[in-house]
Each structure stands twice: as structure tokens, then as C-alpha cells.
Amino acid sequence: MTNVTTTHIPQAVTTPDTAAGVAQFLSPVVVDLTALVVNGKQAHWHVRGANFIGVHELLDTVVAHAQEWADLAAERIVALGLPVDARLETVAAKSTAGSLTPGFQQSQVTIAEIITHIDAALVNVKTAIDELDAIEFTSQDVAIEIARGLEKDRWFLFAHIAA
Ligand SMILES: [Fe+2]
């Protein structure tokens, strides 16, 4: 029987510098998307007015996507061997998205606020795409996938208030 040992297995799939670069640019994406999960639900619960049911249900889709993409970015960092900090207090301190108006809102207000939230996240996603171009393509691809999805969700929201 083969003597099983892990001593010959490389400790990491990339260099420490590459892992650190990926963590630097994907961590803000994890934070902003985690904030969008929380604020998207807040918006889902408090939206009222025109196209209520469509906006209410679309916001749940936005939340589900944000959760999925936060996980995608976070697990890319962890796959390269570094930890992620998306604790509640870290997200509150570091999210660039700003805050929503509390309480019930008419749907055009809710939509505008969530689009602003998405646009703030997209700034960090686009920075990740630009910077990871010189660091690691596999992680850049994660950021590109997230940008494509966020921009589609932004379109779905914006179409409710577009002329
Ligand atoms: Fe719900």
C-alpha cells in the first residue's frame, strides 16, 4: 500500500505577491457586494408604489446575485491562500456604497438608491479588472464576470425609471 504523505504537495497555487495583489483588489469587491446583500433586502422590504411587485421581486434577484458574486470573489482570495474579512463591522466601515434612506420609499427612490449602490460597487470592480490585468488573469476573470452581471442588474433596475 502507498505511503500517503502531503510533504511533496506545493503549499500554494501562486506566489505570495500574486495572492496579496488579488486579495488587495478583490477584498473591496467582497465588502461592497456584502453591503449590497444587506441593503438590497432593506430595499426589497420597503419598496412601495409603481411596479411594486416587479421591483420587489427584482430586488431579491439583485440580492441573490450579490451574494453569489461576493462568494465568488471571496473564495478566489481563499483559494490563493489568504483570508477574507467580510465581518459585519468591517463591511460597515469599509463599504463605499453609502446608506439608504430608512423606511418605506416609492419605487423610483428605491431604484435610484440601489443603482447608486451598484455604481459604487462597480468602481471597485472596474479597479480590480484594471489592476489584476498586470497581476493574474484568472482572478481578473472573476472581476470581469462580476462586472458583467452587475451591469445587467443595473440595466434591469434602470429600465423601470428610464424614459
Ligand atoms: Fe422577501
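A short reminder: the numbers here are calculations on the coordinates, not readings from a lab. Here the structure is a predicted model, which means the values were calculated and not measured. Glycine also receives a Cβ, built like all others from the backbone with ideal geometry; neighbour counts cover every protein chain displayed.
Listing for the model above:
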quantity	calculated
For the range 16-158, diffusion coefficient by Stokes-Einstein and Kirkwood Rh (Cα), 37 °C, 0.692 mPa s, µm²/s	216 µm²/s
Net length gained if the chain between residue 71 and residue 20 were fully extended (0.36 nm per residue, minus Cα distance)	16.6 nm
³J(HN,Hα), Karplus 6.51/-1.76/1.60, whole Hz, each residue of the range 62-78, x for Gly, Pro	4, 5, 4, 5, 4, 5, 5, 7, 4, 5, 4, 5, 5, 6, 5, 4, 5
Selected from 14, 139, 127, residue furthest toward positive end of dipole (the chain; charges at beta carbon)	127
Neighbour-count ranking [beta-carbon atoms within 10 angstrom, fewest first] of 156, 25	156, 25
Cα long-axis angle, helix 107-132 against the chain (0 to 90 degrees, to the nearest 10)	20 degrees
Set of lysines near residue 152 by C-alpha distance (under 20 Å), chain-local residues within fewer than 8 positions excluded	41, 126
Centroid-to-centroid separation of the range 123-163 and the range 38-75 [C-alpha atoms, Å]	17 Å
Helix 137-158 vs. the chain, principal-axis angle (Cα, 0 to 90°, nearest 10)	10 degrees
Within the chain: Cβ-based charge dipole about Cα centre, in debye rounded to nearest 20 (Lys, Arg +1; Asp, Glu -1)	400 debye
Phi to ³J(HN,Hα) by Karplus 6.51 cos²θ - 1.76 cosθ + 1.60 over the range 44-51, Hz, x for Gly, Pro	4, 6, 10, 6, 9, x, 4, 6
